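Worksheet: one structure, shown below.
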Amino acid sequence: MSVQSAFQDEAERIDNVLGHIRNQLRAIGPRYTGDDFTEQMLDLQNEQRRQRLEVAYKEPYFGRIDFQEPSQLSPRPLYIGKAGVAHESTNELLVIDWRAPVASLFYAFSGGDAPVAYESPDGEVEGTIHLKRNLMVRNGKLERVVDSFVRGQEEESVTDEFLLYRLGESKDNRLRDIVSTIQQEQDRIIRTEKNKAVFIQGVAGSGKTTVALHRLAYLLYRYADRIRAERMVIFAPNRMFLDYISGVLPELGVGDIVQTTYAEWALERLQKEVRLDEASDTMAYWFEQPRSREEMERAPGRIKGSMQFKQAVDLKLEQLEASLLPQQPFEPIEGLVLLPVAIREWLITDYSGEPFMKRRERLVSRLKRWLESEWKARRYTDRKLKSKANAKLNAYCKKIPSFTAAQLYSSLLSDEAAAHMVPGGIRSATVKGLKQNKVQPEDLAPLVYIQLRLYGLDQPVYDHIVIDEAQDYSPFQLESLKLCQRGSSMTVLGDLQQGIHGYTGINSWIEMTALFDVGESGYFELDRSYRSTMEIIDFANRVLGTMGEGVKPAVPVFRSGEPVDVEEAASNSDRLERIVRTIRDWQNAGSYRTIAVLGRTAKSCQEIAGRLATEGLEAVLIQSKQEAYGGGLTVVPAYLAKGLEFDAVLIADADSHSFGGNDAKLLYVGCTRALHKLKLLYNGTITQLLAASTDAHS
């Protein structure tokens, strides 16, 4: 079949499917506004169906495979889309949901004549693929048809043509779904079973964030009878990043998933009894001037986030548990005695699974009931005697210790076990802050861990947890989140090569995978970068050099672009002038929808933004507490750009003063923000990190 004929056939089918979707949307009718509960539930189902159909109407499907089972006389075309669509009369599937078992063939098949198979609810189904086709549909119109496999065709494979077409598109201010271009290695992660902690080491641009979001959508589809969206949670590094990824899940027809930061979540669990010290800007401290690796290793976040510190917390909790067991008998009335052995039995047997303070609460209630029961059984009537008995009960209960998380944490910091790990100055500053209800970010993990051990979770357990940029988490943070699940169902993703927060994060994934029993976790590596051109990725890889992080360098897809530019400025004034000139040139070219100027520090970015404003160039200056990214022209410190991506990136101060020998990861992060164009400027001596990346200093 000719290309033109195939396009015409597919265009006609698109029109036909859109007609069926319109009919079904009209049939749903208006929303129900009455009070009948049954009708309300039906209306909710109709609304969910309406939303799925509206998603399908914009892009009914993006892929087609012609699959033939051995029992069939001819192959059957299967169309894959974001939402399944059935014929309104016959229930024939017009579009298959991308999460359905058979749809896995579309992602897993990469060519060849060998039989293929997929796992259906009834077992393995084998067959052969005759055609694999990608389709681009926008606003109901077919724009592109690409056949990546035709059985019997002798021509060279064009498997990556559609992917490269999508990767070459300009970027806006939101992360997009990748459901039409999910690659085989990504699909394998997405479809991993629910009851595992899945760790993803993914290089910059490997799609690990979108893979995690698609995994949530898949799990909701695959385990619809066991998990719920409102019992899922996504942890992102900051509010701006949450805004950036906010459009992916709605496009996949998924809503109601909690999206937050660890700090916000922890403060909520602590019932806002403490607050972060606003006067202390942790990121500014570590990034606004060079810091040695040794200093980072001794940082409070490294100490308080370690498993050694968790062991000190566990020891303190064990001591608390021991103190819950009274050593003296309870004798509220002469001759009426409750021995400690009986109280221990209640605690150890009846309440053993309860959090500490709930066990205390239950014990106090049990003592009250025991006294009341004995009073009635012995037919006491003396009110004064009862008053004295109740006073003795209150005095006895006060001897059973009661703590808030902050109180126990403060007490811990004065213990010998903590003194051996935490320097005296840090301990005293932490205790002083706790008295004012102020804490540092590194205090949140031990505090919320103590809170959960003392009082338990104040909400249903999570069905699934996603942690993005997890290389910047401490093991103790992960331990605190484990308390919020009955089993292990997590997607933990990050990139050790982008671990710029060395004052709190991990150096190896083993620090986290070791927290799970064998069989409870899985580890995947994504080393292909789909974001940047080959020139940009090769340049960024050379920036990292031989850091020995134990992970593979990024492998770019075959998408060539312009060379990376490195320019020397004669002075700071000349540097600022070159920034202005470059931005004007890029904007006039009209090829880039999103442009970023990356500075080393917030102060540097303020200077750049001020100069751009003077020149009439409207730029958004991103600061540490930014909640949204609006696209267009942006000025941002490199350490706040992680997770974002832009059509073109200008790194404004690639000199030796701004980027020292310990800043390779930070410069790597900056370089890998660029999709299509990367330029670096420096004034003075070029950073030694670029010595292996370029011979041109102008």
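What follows is calculated from the coordinates using simple rules that are stated; it is not laboratory data. In this text the structure is predicted, and so the values were computed from the model without any measurement. Don't worry about glycine lacking a Cβ; one is built from the backbone with ideal geometry, like all the others, and counts go over all protein chains shown.
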(request) Equivalent ellipsoid semi-axes for the chain, as square roots of 5 times the alpha carbon gyration tensor eigenvalues: give them largest first, rounded to whole Å. (result) 52, 38, 22
(message) For region 3-159, compute Rg over Rh where Rg is the Cα radius of gyration and Rh is the Kirkwood radius from the inverse mean 1/r over Cα pairs.
(response) 1.04
(message) What lysines does Lys384 reach when the alpha-carbon gap must be under 29 Å and sequence neighbours fewer than 8 apart in one chain are set aside?
(response) Lys368, Lys376, Lys392, Lys398, Lys399
(request) Let me know the shape class of region 274-324, please: from the alpha-carbon gyration tensor, a ≥ b ≥ c as square roots of the eigenvalues, rounded when a/c is under 1.5, otherwise prolate if a/b is greater than b/c, or oblate. (result) oblate
(message) Give the lysines whose C-alpha is closer than 20 Å to that of Lys665, dropping any in the same chain fewer than 8 places away, or say none.
(response) Lys208, Lys552, Lys642, Lys677, Lys679
(message) Please rank Arg366, Arg486, fewest neighbouring Cβ atoms within 10 Å first, as an exposure proxy.
(response) Arg486, Arg366
(request) Consider all pairwise Cα distances in region 325-398 and report the whole-number % of them above 19 Å. (result) 33
(message) How high is the relative contact order of region 357-446? Use alpha-carbon pairs under 8 Å, at least six apart in sequence, and give a whole percent.
(response) 25
(message) Output needed: percent of Cα pairs per 10 Å distance bin for region 610-698, bins running from 0 to the one holding the longest distance.
(response) 15, 47, 32, 6
(message) Just to check I understand the Karplus step: with θ = phi - 60° and J = 6.51 cos²θ - 1.76 cosθ + 1.60, what whole-Hz values come out for region 286-300, glycine and proline as x?
(response) 7, 10, 6, 8, x, 10, 6, 5, 4, 5, 5, 5, 8, 5, x
(request) Can you pull the one-decimal nm distance between simple spin-label points at Gln623 and Glu264, each 7 Å off the Cα toward Cβ? (result) 1.9
(request) Would you mind putting 401-410, 616-625, 333-342 in packing order, based on average other-beta-carbon counts within 10 Å, highest first? (result) 401-410, 616-625, 333-342
(request) Within region 181-206, which residues have the backbone N less than 11 Å from the label spot 7 Å out from Arg226 along Cα→beta-carbon, could you tell me? (result) 193-196
(request) Return, for the Cα atoms of region 376-422, the radius of gyration and Dmax in Å, separated by a comma. (result) 19.6, 58
(message) Below 8 Å, C-alpha to C-alpha, sequence gap of six or more: please give me the relative contact order for the chain in percent.
(response) 14
(message) Starting from 0.36 nm per residue, how many nanometres of slack lie between Gln51 and Arg239 once their C-alpha separation is accounted for?
(response) 65.1 nm
(message) From zero outward in steps of 5 Å, how is the percent of C-alpha pairs of region 526-633 spread across the bins?
(response) 2, 9, 15, 18, 18, 18, 13, 5, 1, 0
(message) Please enumerate, by chain and number, the lysines with C-alpha under 27 Å from the C-alpha of Lys141, excluding those fewer than 8 residues away in the same chain.
(response) Lys58, Lys82, Lys132, Lys171
(request) Rank-order 490-497, 216-223, 86-93 by packing density, defined as the average count of other C-beta atoms within 10 Å over each peptide's residues, highest first. (result) 490-497, 216-223, 86-93
(request) Under 15 Å from a label point 7 Å along Cα→Cβ of Val461: give me every residue in region 327-361 with its amide N that close. (result) 353-355
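Would you mind calculating the relative contact order of region 3-159 from Cα pairs under 8 angstrom and at least 6 residues apart, reporting the percent as a whole number?
Dividing the mean separation by the residue count of region 3-159 yields 21 percent.
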(request) Sketch the reach of a paramagnetic label on Asp15 as a point 7 Å from Cα along Cα-to-Cβ, and name the residues of region 56-79 whose backbone nitrogen lies under 19 Å away. (result) 57-61
(request) Given the peptides 185-193, 59-67, 453-461, arrange them by the average over their residues of other C-beta atoms within 10 Å, most packed first. (result) 59-67, 185-193, 453-461
(message) Report the gain in length on full extension from Lys368 to Lys272: 0.36 nm times residue separation, minus Cα-Cα distance, nm rounded to one decimal.
(response) 31.4 nm
(request) For n ≥ 4 DSSP H runs only, could you compute -39500 (n - 2.57) per run for the chain, divide by its residues and tell me the 222 nm figure to the nearest 500? (result) -12000 deg cm²/dmol
(request) Quote the FRET efficiency, to the nearest 0.05, computed for Arg176 versus Met41 with a Förster distance R0 of 30 Å and r equal to the Cβ-Cβ distance. (result) 0.35
(request) Could you calculate the FRET efficiency of Glu124 with Glu520 from 1/(1 + (r/R0)^6), where r is the beta carbon distance between them and R0 is 25 Å, rounded to 0.05? (result) 0.45
(request) Apply 1/(1 + (r/R0)^6) to the Cβ-Cβ distance of Arg344 and Met421, taking R0 = 35 Å, and write down the FRET efficiency to the nearest 0.05. (result) 0.60
